[in-house]
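Each remark here refers to the structure printed beneath this line.
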Amino acid sequence: MSNVQKYGVFGDPIHHSLSPVMHNAAFSNLGIPAVYEAFLVKPGDLEHAVLKAKDDGFRGLNITIPHKESVLKFDFISPDPFSKMVGAANTLRFLPTGIEAFNTDAMGALLALESENCSTDGKNILVIGAGGASRSISFLFGQRQNPLKIINRTAEKAEKLAAEISGKTGNNVSAGGFSNLLDDVEWADIIIQTTELGMGKYESVSVFDQTESVDSDENLRNNLLKKYLTPNTVVFDIVYNPKETKFLKEARTAGAKTINGTMMLVYQGALAFELWTGQKPDVSVMKDAVLKALDAKQNEK
Ligand code: NAP
């Protein structure tokens, strides 16, 4: 029997995933004989694919869009307390005793902030977006009792998420749409942008384009944003491709401290790696692999 350890990521679509290059770099750096591959798994095939991975001797999997919530529906998977509370997992660990599920996305975001010397304790957190990524991150800061507001294009989704987090954590989480965006921005010490705006087909769009209270003229907009964003405001956009979204560029130009999504990707991966192997990977090796792959994608354009 081969002693090469098997790992992978299941998602749909999956061709864009940077996880294989990132994890394979970390395995190779530590001299661990392992291979990590991306697998296209359609929604109806998830249960079969996970059970097959178990039979094939896989040690670990990452689970990505659209499976992070549905993977917890299988009774043969045991979620850890955080992924159970959130209702979504991005990491599976295969043990002789069974399959465990974890959610390393939120802690990845927290470590990304901390790696930029951004302390989060007691800080006012504004999360923009109410999808899957927001859900994990918002639950984490809700659980840590940060003053927390969630805003989303579809305000009802943000309200539903805030009510769920309030109920489960005892934190009084508020929510809304984008109509008071500037006041919300002014209130926040840390702004975490989790929508798809700024990437793919939305590359030329920023959240500030989605509210009538912000001018479309670049100079007027910059002057306005300077009044609401301070050099102490941290603006974290979890999108990593492009490296600087339109929103992040606007925040930087207005004087805020900005962080992109690269290190969240790296840390959520590093935490999964540690769960699987019991070893801490070198995050700088993982980061270099991700940046190299992103540059290659950029050159393909
Ligand atoms: P998701 O569950 O599909 O949620 C999408 C979010 O984007 C929702 O809040 C949605 O608002 C909003 N949105 C979509 N189109 C919009 C538009 N035209 N205008 C305003 N809002 C819009 O996706 P997700 O899993 O949370 O992922 C979101 C982003 O995070 C993606 O860009 C992903 O690449 C990134 N991400 C990064 C990392 C990392 O490690 N750095 C990890 C996970 C995700 P509505 O509810 O109103 O539709």
Residue among E218, E116, E186 with the largest mean-square fluctuation in a Gaussian network model of the chain, springs linking Cα atoms under 10 Å | E218
Quick one: helix 46-55 against the long Cα principal axis of the chain, what's the angle to the nearest 10°, folded into 0 to 90?
-> 40
For the chain, what proportion of DSSP beta bridges, expressed in % and rounded to the nearest 5, is antiparallel?
-> 20
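I want the local charge near L148. Using Cβ-Cβ distances under 12 Å, sum +1 for each Lys or Arg and -1 for each Asp or Glu among the other residues. Don't skip to the end; give the middle numbers.
Details: positive: K123, R144, K149; negative: D184, D189.
Once all neighbours under 12 Å are counted, the net charge is +1.
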For the stretch 202-267, what is the Kirkwood estimate of the hydrodynamic radius, computed as the reciprocal of the mean inverse distance between distinct Cα atoms, to one decimal in Å?
-> 12.3
Amide H of A175: which non-local residues (sequence gap of 5 or more, or other chain) have their own amide H closer than 5 Å, using H built in the peptide plane?
-> I150
Carbon and sulfur together cover what percent of the accessible area of the chain at a 1.4 Å probe radius?
-> 49
Determine the percent antiparallel among the DSSP beta bridges restricted to the stretch 5-103, to the nearest 5.
-> 35
Alpha-carbon centroids, the stretch 73-143 and the stretch 176-241: separation in whole Å | 24
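Skip the ligands, DNA and RNA, and give the accessible area per residue of the chain with a 1.4 Å probe, whole Å².
Numbers: 14100 Å² over 301 residues.
Heavy-atom accessible area per residue stands at 47 Å².
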For the stretch 52-135, the Rg and Dmax computed from alpha carbons only, in angstrom = 14.9, 46
Distant-in-sequence amide H partners of A38 (H built 1.01 Å from N, under 5 Å) | V9
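Once Rh is set to the Kirkwood radius over Cα pairs, what Stokes-Einstein translational diffusion coefficient, in µm²/s, holds for the chain at a temperature of 25 °C and a viscosity of 0.890 mPa s?
Numbers: Rh = 19.9 Å.
Using the Kirkwood radius from Cα pairs, D works out to 123 µm²/s.
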Using the structure shown, list the pairs from K6/K249; K73/K292; K168/K297; K42/K84 with a Cα-Cα distance above 29 Å, or answer none.
-> K6/K249; K73/K292; K168/K297
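The values are calculated or read from the model by the stated rules, or taken from the named source; none is laboratory data. Just so it is clear, the model here is predicted, and its values are computed rather than measured. Quick reminder, even Gly has a Cβ in these numbers, built from the backbone with ideal geometry, and neighbours come from all protein chains shown. Each accessible area value is taken on the protein alone, full model and side chains, heavy atoms only, with ligands, DNA and RNA left out. Shrake-Rupley method; radii C 1.70, N 1.55, O 1.52, S 1.80 Å.
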